[in-house]
Amino acid sequence: ELVDRGVKVLLPKVGKRLGARIPAVMAAAREGRFEIHPDGSVTLAGETLAQDEVEIQATPRPGTAVAHDDGMVAIIDTTLTPELRAEGDARELQRAIQDLRKDAELALDDRIELWVDGAPAELAPFLAQVAAETLADVVHRATPPDDLPTATVRLEGGEARIALRRLDAAG
């Protein structure tokens, strides 16, 4: 259901054997009137062709990507769900936080306090992971204090403003 299947008849392999029946077989292939069998053989216009006499093709339907080789087909659903968009936003937020950490000249192991203002609600399930990846021990979903450097992050769900500061060893 994720791909449209087609059959290409390999004429050099079946031409002599099918003779006058070739036009009917080719028409059936063009019109999609065929049956693919579990062993890889195909029946077209009443003729059963062996696996090595045809090439079974898979064409992606909208929202899918397809790769096929040696009779095997791999299909990837490329539809972006709200959950995937939110996960992408979380990764973008994490990247922006890491950039802000670098701009603030923090050490790789410095723990931080983080402010995230305006992040879409869909990000909520991912904030703990973002905090863990960016070493944020405290996360505020609020407007950052005026004395901190901030950055604006463009997300699928809208813009968010972030700020951070290094936590001292006492927390």
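Entry remark, segment 96-138: residues being surrounded by 14 or more Cβ atoms within 10 Å (Cβ to Cβ) and under 16 Å from T150 (Cα atoms) number 17 in total. Report whether or not R161 is basic (K, R) and touching a Pro at 6+ places or on another chain (Cβ under 7 Å). The answer is yes for R161.
Looking only at residues in segment 1-10 that are of a type outside the set (V, I, T) and at pLDDT 90 or above, which one is most open to solvent (accessible area, probe 1.4 Å)? My answer is K8.
Taking T79 and the conditions (1) open to solvent by less than 40 Å² (accessible area, probe 1.4 Å); (2) without any contact (Cβ under 8 Å) to a residue 24 or more places away in the chain; (3) among the β-branched types (V, I, T), which numbered condition does it fall short on, given that it satisfies the others? Here T79 meets the rest and fails (1). Within the span defined as segment 145-161, every residue fails to be assigned to a loop (DSSP other than H, G, I, E, B) and at pLDDT 95 or above. When G63, G88, G71 are checked against the criterion of being open to solvent by less than 50 Å² (accessible area, probe 1.4 Å) and modelled with pLDDT under 90, G63 stands alone in meeting it.
Residues in segment 81-130 that are basic (K, R) and closer than 22 Å to L167 by Cα were compared, and the one that is farthest from the chain's Cα centre (by Cα) is R111. I'm checking my understanding of the structure. Among residues of segment 139-168 that are of a type in the set (S, T, N, Q) and exposed (fewer than 14 other Cβ atoms within 10 Å of the Cβ), which one is nearest to L80 (Cα to Cα)? The qualifying residue nearest to L80 (Cα to Cα) is T152. Checking the structure you have, find out if any residue of segment 40-59 is more than 30 Å from E156 (Cβ to Cβ), part of a loop (DSSP other than H, G, I, E, B) and open to solvent by less than 30 Å² (accessible area, probe 1.4 Å). Looking through segment 40-59, at least one residue is more than 30 Å from E156 (Cβ to Cβ), part of a loop (DSSP other than H, G, I, E, B) and open to solvent by less than 30 Å² (accessible area, probe 1.4 Å). Residue count for segment 120-144, restricted to those that are touching a Pro at 6+ places or on another chain (Cβ under 8 Å) and in a loop (DSSP other than H, G, I, E, B): 0.
The values are calculated or read from the model by the stated rules, or taken from the named source; none is laboratory data. Please read these numbers as outputs of a predicted model, since none were measured by experiment. Neighbour counts run over all protein chains shown; Cβ positions are idealised from the backbone, glycine included. These accessible areas exclude ligands, DNA and RNA; they are computed on the full protein's heavy atoms, side chains included. Shrake-Rupley method; radii C 1.70, N 1.55, O 1.52, S 1.80 Å.
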